[in-house]
1. Could you tell me which numbered condition residue 20 fails, if it satisfies all but one of (1) at pLDDT 90 or above; (2) basic (Lys, Arg); (3) in contact with a helix residue (DSSP H, G or I) (Cβ under 6 Å, 6 or more places away or on another chain)?
2. So which pairs qualify, if the first residue must be in the stretch 2-28 and without any contact (Cβ under 8 Å) to a residue 40 or more places away in the chain and on the phi < 0 side of the Ramachandran plot, the second must be loosely packed, with under 10 Cβ neighbours inside 10 Å and in a helix (DSSP H, G or I), the Cβ gap must be under 8 Å, and the two must be at least 6 apart or on different chains?
3. Within the stretch 46-86, how many residues are of a type in the set (Asp, Glu), more than 12 Å from residue 19 (Cα to Cα) and modelled with pLDDT of 85 or more?
4. For the stretch 10-32: of the residues being farther than 18 Å from residue 56 by Cβ and of a type outside the set (S, T, N, Q), which is surrounded by the most Cβ atoms within 10 Å (Cβ to Cβ)?
Amino acid sequence: MTALPSYIDPELFAAFCEMRRAYKKIPFTPRAELLVVRKLMRMHDDGFCTSSALEASTINGWRDVYPKDRLAKPGAIDPALAKLDADTRNAAPPPEEIRRRMAEITGRMKA
């Protein structure tokens with residue numbers, strides 16, 4: 001068996017290898033196993049979860065692994081939060097007439 005980096009779950013990898021070896025038409029050679037490990041390493045370096053990729057491939061009977069879930073990178077900002085921040089910075093205050101009307105309406109609601 002190929003040596004695995006710490007971020008590749010050995011049980012999930014063993015289950016994937018077992019599933020792959022069940023295919024009689026397409027042999028899962030030691031070289032192919034090494035290539036899958038290298039692909040998982042690249043996926044991890046690109047910020048993808050290797051466990052999710054192995055689980056999906058094993059469950060679905062896929063002969064290869066595919067990037068599935070992105071890992072949260074340290075210091076990474078959620079794109080939705082970044083957009084909210086940008087919108088807040090770029091927002092213009094409402095015109096004076098609108099603010100006056102809002103004050104009238106909220107004043108009526110409080111009374």
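The values are calculated or read from the model by the stated rules, or taken from the named source; none is laboratory data. All values reported here derive from a predicted model rather than from experimental measurement. Please note: Cβ atoms are built from the backbone with ideal geometry, for glycine as well, and neighbour counts cover all protein chains shown.
1. (3)
2. 2/30
3. Count: 1.
4. 32
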